[in-house]
1. What stretch of the chain, leaving out the sites themselves, is the longest with no trypsin sites (Lys or Arg not before Pro) in a DSSP loop having at most 14 other Cβ atoms within 10 Å?
2. If you average the sequence gap of Cα pairs under 8 Å that are 6 or more apart and divide by the length of the chain, what percent do you get for the contact order?
3. Only helical DSSP H runs with n ≥ 4 go in: add -39500 (n - 2.57) per run for the chain, normalise by residue count and round the 222 nm mean residue ellipticity to 500 deg cm²/dmol.
4. Taking every DSSP beta bridge with both residues inside the range 2-196, roughly what % is antiparallel (nearest 5)?
5. Apply the Karplus curve 6.51 cos²θ - 1.76 cosθ + 1.60, θ = phi - 60°, to the phi angles in the range 60-66 and return the couplings in whole Hz, x for Gly and Pro.
6. Could you size up the charge dipole of the chain around its Cα centre, putting +1 on the beta carbon of Lys and Arg and -1 on that of Asp and Glu, and report it in debye to the nearest 20?
7. Go through K81/K156; K47/K156; K81/K115; K47/K151; K47/K115 and tell me which ones have a Cα-Cα distance over 30 Å in this structure.
8. Using a 4.7 Å Cβ cut-off, which Cys residues in the chain lack a partner cysteine?
Amino acid sequence: MLTVAIATEYDGYDAEIYRVLIERLLGRTVMRWQTKMRFNGDKSVRKLAAPYLAAAAAQNVKHALFAIDNDGGGKRRPEHKEDDDQKTEAASKAGCRICWLGAAMPASWSAGGGKRCLVVPVQTIETWLLCIRGDAFTAPSPEHQYGAVLKKRFFKTALPVRERLRLALNEIQKPDALTILRLRRSFQRFEAQLASWP
């Protein structure tokens, strides 16, 4: 079993989706490291990154995943590029979210043997879920659909968290889910970071 510290915008929904995705990608059981720290939105994930990783390291947790949504729309927060200038992107409110989140990661985590993964599913995690479900997109690609419309499109109506999680996990557990997700650049970056994990 692999214990992973998972920091997301919403512990009760996003974190469990990522736990299951890591489990499927690595082909082994993954348990979320439990702490009293709670995240509520992207800013809390970034602000608490250093103390969260320090607490995890103190309990010998060596793997961590940080995930936030892009929520950028068409004119700001572009999809990450490998040649991004992290400092410039992180300093801009309209900059790349991977760079913004990465700037909050303490060097001590990696220096101490910790492995981390940063994920920003453009635009939201529901982008991935809609792709698995096979929804048609009118824009050039699913990544060019913006705003809360993606969440509404996937769930259709307001639902309790437990029901939303059930619907999301139903999609992720489909046999061809990973094959479909691997067509998305944001998912490719996610999976590539796990290559050095056990």
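Bear in mind these aren't lab numbers, they're just calculated from the coordinates by the rules spelled out. These numbers come from a predicted model, not from an experiment. Methodologically, a virtual Cβ is constructed for each residue, glycine included, from the backbone with ideal geometry; neighbour enumeration extends over all protein chains shown.
1. 94-155
2. Numbers: 277 pairs, mean separation 43.7, N = 198.
RCO, the chain: 22 percent.
3. Here the helix-only value at 222 nm equals -12000 deg cm²/dmol.
4. Once the DSSP bridges in the range 2-196 are tallied, antiparallel ones form about 5 percent.
5. Rounded to whole hertz, the list is 6, 7, 10, 10, 9, 10, 10.
6. 360 debye
7. With Cα atoms farther than 30 Å apart: K81/K156; K47/K156.
8. C117, C131
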